[in-house]
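**Q** One structure follows; several queries about it will come next.
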Amino acid sequence: MDYITYAVPFFLLALLIELAYGIAIKKNTYRLNDAISNLFMGTLRTANKLIIIGAAGYVFYIVETKFALWRMDATSAFTWIFAFVIYDFFYYWFHRISHERQIFWASHAAHHQSEDYNLSTALRQTGTGAFVSWVFYIPMFAIGIPSYIFVSVASLNLIYQFWVHSEHIPKLGWYENYFVTASNHRVHHAQNEQYIDKNYGGVFIIWDRMFGTHKVEDENEACIYGIRSTLNTFNPVWANLHVYVKIIKEMWLSRDWKDKLYAPFARTNWSPESLPIKAPKDNFNPKTFQKYNPVISKRHKIYALFQYLFITYIFLAFIQSGYLNYLQLWITITMMTFTMYCTTMWFDGKEITRIEIIRLALCLFIGMYAYHEISLIPIAISVLTYSVINLLVLPLINSSQEMPEAQQT
């Protein structure tokens, strides 16, 4: 059983509690632009899982039914405990390779792009990870772990990792020595030289201690979050694709065939020697680092927040519930992604009024088309109402003054 669906309401409640707590103690770790970007990424990842038909399930089935050494007893507590521990062992190696090799980092980088560290960061998940991550768990089926248990422990592992994405939780004494905590996971998300590429475990920190990747959080050096190759946008589409684009450019532009073929499997700090134009060097400096934080008006922030709330409503009411057929799902998720793109362009301080009008016109067209099918009337009414409200409000959003250009603060 996948427990994540049941955990989502508690995730959102915990996020609101952390936000309120941070404001109350005057140590707020949230920014609207970063937090909504994180939540967009989480929604996009979950939506993608519904439309991507991959080979993972079929391969797991074949290995489990044809090549497993034996089949473990699903009613045994030992099987569940063993599966939970061994899953985290394989997760450690998947996670570690995801930081060390470009083709895996291409999907995992999305989770590390946030320059804030809070519970919304935990929900910032890759939309392309499903293409590669499943390969690492094939051995679990080969040794006889039932698929039902695999899905269960995988979801429990991910749920555990949610709470460690917080700056408010201090070190937890002896617990730090055996389990992943907020303290040692802060290290994992930091880009400081002494912290980078450390603490890969999902639940147990013992794998990092065993294989030499453990690092204790230094109380004298605050963690600086984000990735070295700064993204400088809140766009969830580019966040998912930018490393893939880098790899493709290296393969296309490299003059040496060895570099072309090696690029996807190279270490993440590698650069082809045969590139005609050398890649820029890492210039990270913890003393001068500034978060990407374009200045936009309060009206645009409220408008962007409304877009997030509507997307969340559509996702929960019509996508997550299985209300739509496959073609309708594709159309709805495509428009959701376009809405995310436009909303994050507002956060980037861009002037996109014309694109926004085109988006809302498409929403109107889809809503009117859906209205002619009885089963789609509820979503049609929702989309039409949403589109009209936005078209009425949009002139007011831009009427006060010209929007300031993006700048960093």
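The values are calculated or read from the model by the stated rules, or taken from the named source; none is laboratory data. Not measured: the values here are computed from a predicted model. All Cβ positions, glycine included, derive from the backbone under ideal geometry; neighbour counts span all protein chains shown.
**Q** Is region 322-330 home to any residue that is in contact with a helix residue (DSSP H, G or I) (Cβ under 9 Å, 6 or more places away or on another chain), farther than 23 Å from residue 238 by Cα and assigned to a helix (DSSP H, G or I)?
**A** Scanning region 322-330, I find at least one residue that is in contact with a helix residue (DSSP H, G or I) (Cβ under 9 Å, 6 or more places away or on another chain), farther than 23 Å from residue 238 by Cα and assigned to a helix (DSSP H, G or I), so the answer is yes.
**Q** Within region 61-72, identify whether any single residue is closer than 29 Å to residue 261 by Cα and either of a type outside the set (Lys, Arg) or more than 13 Å from the chain's Cα centre (by Cα) (or both), and answer yes or no.
**A** The answer is no, given that none of the residues of region 61-72 is closer than 29 Å to residue 261 by Cα and either of a type outside the set (Lys, Arg) or more than 13 Å from the chain's Cα centre (by Cα) (or both).
**Q** Residue check, residue 177 against (1) without any contact (Cβ under 8 Å) to a residue 60 or more places away in the chain; (2) surrounded by 15 or more Cβ atoms within 10 Å (Cβ to Cβ), all met but one. Which one?
**A** Answer for residue 177: the failing condition is (2).
**Q** Out of region 220-239, which residues are of a type in the set (A, V, I, L, M) and at pLDDT below 90?
**A** Listed by number, the list holds a single entry, 231.
**Q** If you don't mind, another one. (1) farther than 20 Å from residue 388 by Cβ; (2) out of contact with any helix residue (DSSP H, G or I) (no Cβ under 9 Å at 6 or more places or on another chain): which one isn't true of residue 354, the others all being true?
**A** Here residue 354 meets the rest and fails (1).
**Q** Here is a follow-up. Anything in region 21-32 that is among the aliphatic types (A, V, I, L, M) and surrounded by 11 or more Cβ atoms within 10 Å (Cβ to Cβ)? List them, or say none.
**A** Result: 23, 32.
**Q** Additional query: Residues of region 129-151 being within 23 Å of residue 185 (Cα to Cα) and among the hydroxyl-bearing types (Ser, Thr, Tyr), which ones?
**A** Scanning region 129-151 gives 133, 137.
**Q** Which residue pairs have Cβ atoms under 6 Å apart, sit 6 or more places apart or on different chains, and have a first residue in region 268-281 that is without any contact (Cβ under 8 Å) to a residue 40 or more places away in the chain and a second that is acidic (Asp, Glu) and loosely packed, with under 13 Cβ neighbours inside 10 Å?
**A** Once the first residue is without any contact (Cβ under 8 Å) to a residue 40 or more places away in the chain and sits in region 268-281, its partners that are acidic (Asp, Glu) and loosely packed, with under 13 Cβ neighbours inside 10 Å give 274/256.
**Q** Among the candidates 120, 114, which residue alone is modelled with pLDDT of 95 or more and assigned to a loop (DSSP other than H, G, I, E, B)?
**A** On inspection, the qualifying residue turns out to be 114.
**Q** For region 138-193, enumerate the residues that are within 30 Å of residue 283 (Cα to Cα) and in a helix (DSSP H, G or I).
**A** The answer is 182, 183, 184, 185, 186, 187, 188, 189.
**Q** Quick one: in region 266-311, which of the residues that are part of a helix (DSSP H, G or I) and surrounded by fewer than 16 Cβ atoms within 10 Å (Cβ to Cβ) is farthest from the chain's Cα centre (by Cα)?
**A** Result: 298.
**Q** Considering region 4-28 alone, what residues qualify as being under 18 Å from the mean Cα position of the chain (by Cα) and not hydrophobic (A, V, I, L, M, F, W, C)?
**A** Passing the criteria: 5, 9.
**Q** Still on this model: Restricting to region 197-215, name every residue that is hydrophobic (A, V, I, L, M, F, W, C) and free of Cβ contacts under 8 Å to residues at least 24 places away in the same chain.
**A** As a first pass, look at region 197-215 and keep what is hydrophobic (A, V, I, L, M, F, W, C): 203-207, 210-211.
210 - this is the single residue of region 197-215 that is hydrophobic (A, V, I, L, M, F, W, C) and free of Cβ contacts under 8 Å to residues at least 24 places away in the same chain.
**Q** So, in region 123-136, of the ones that are assigned to a loop (DSSP other than H, G, I, E, B) and among the aliphatic types (A, V, I, L, M), which residue ends up surrounded by the most Cβ atoms within 10 Å (Cβ to Cβ)?
**A** Among them, the one singled out is 123.
**Q** Among the residues of region 3-31, write down those that are under 23 Å from residue 148 (Cβ atoms), in contact with a Ser or Thr (Cβ under 7 Å, 6 or more places away or on another chain) and part of a helix (DSSP H, G or I).
**A** 4
**Q** Of the residues that sit in region 216-247 and are part of a loop (DSSP other than H, G, I, E, B) and of a type in the set (A, V, I, L, M, F, W, C), which one is surrounded by the most Cβ atoms within 10 Å (Cβ to Cβ)?
**A** Only one residue fits best here, namely 234.
**Q** Collect the residues in region 248-264 that are assigned to a helix (DSSP H, G or I) and either over 22 Å from the mean Cα position of the chain (by Cα) or under 30 Å from residue 179 (Cβ atoms) (or both), keeping them in residue-number order.
**A** Those that are assigned to a helix (DSSP H, G or I) and either over 22 Å from the mean Cα position of the chain (by Cα) or under 30 Å from residue 179 (Cβ atoms) (or both): 249, 250, 251, 252, 253, 257, 258, 259, 260, 261, 262, 263.
**Q** Which of (1) modelled with pLDDT of 90 or more; (2) buried (at least 19 other Cβ atoms within 10 Å of the Cβ); (3) under 19 Å from the mean Cα position of the chain (by Cα) does residue 334 not meet, given it meets every other one?
**A** (2)
**Q** Could you check how many residues of region 317-330 are surrounded by 15 or more Cβ atoms within 10 Å (Cβ to Cβ) and aliphatic (A, V, I, L, M)?
**A** 3
**Q** Condition first: in contact with a strand residue (DSSP E or B) (Cβ under 8 Å, 6 or more places away or on another chain) and either surrounded by fewer than 18 Cβ atoms within 10 Å (Cβ to Cβ) or outside any helix (DSSP H, G or I) (or both). Now tell me which residues in region 66-88 satisfy that. Break it down into steps so the answer makes sense when it comes.
**A** Taking region 66-88 as the starting set, the residues that turn out to be in contact with a strand residue (DSSP E or B) (Cβ under 8 Å, 6 or more places away or on another chain) are 85, 88.
Of everything in region 66-88, just one residue is in contact with a strand residue (DSSP E or B) (Cβ under 8 Å, 6 or more places away or on another chain) and either surrounded by fewer than 18 Cβ atoms within 10 Å (Cβ to Cβ) or outside any helix (DSSP H, G or I) (or both), namely 85.
**Q** Got at least one residue in region 352-372 being farther than 22 Å from residue 236 by Cα, acidic (Asp, Glu) and not assigned by TED's automatic domain parsing to the domain that holds residue 40?
**A** Checked against the condition, which is being farther than 22 Å from residue 236 by Cα, acidic (Asp, Glu) and not assigned by TED's automatic domain parsing to the domain that holds residue 40, region 352-372 yields no hits at all.
**Q** Let me ask something additional. Which one is modelled with the lowest pLDDT among residues in region 269-288 that are aliphatic (A, V, I, L, M) and farther than 15 Å from residue 229 by Cα?
**A** Ranking the candidates gives 277 first.
**Q** May I pose another question? How about region 196-208: which of its residues are more than 21 Å from the chain's Cα centre (by Cα) and part of a loop (DSSP other than H, G, I, E, B)?
**A** Within region 196-208, 205 is the sole residue that qualifies.
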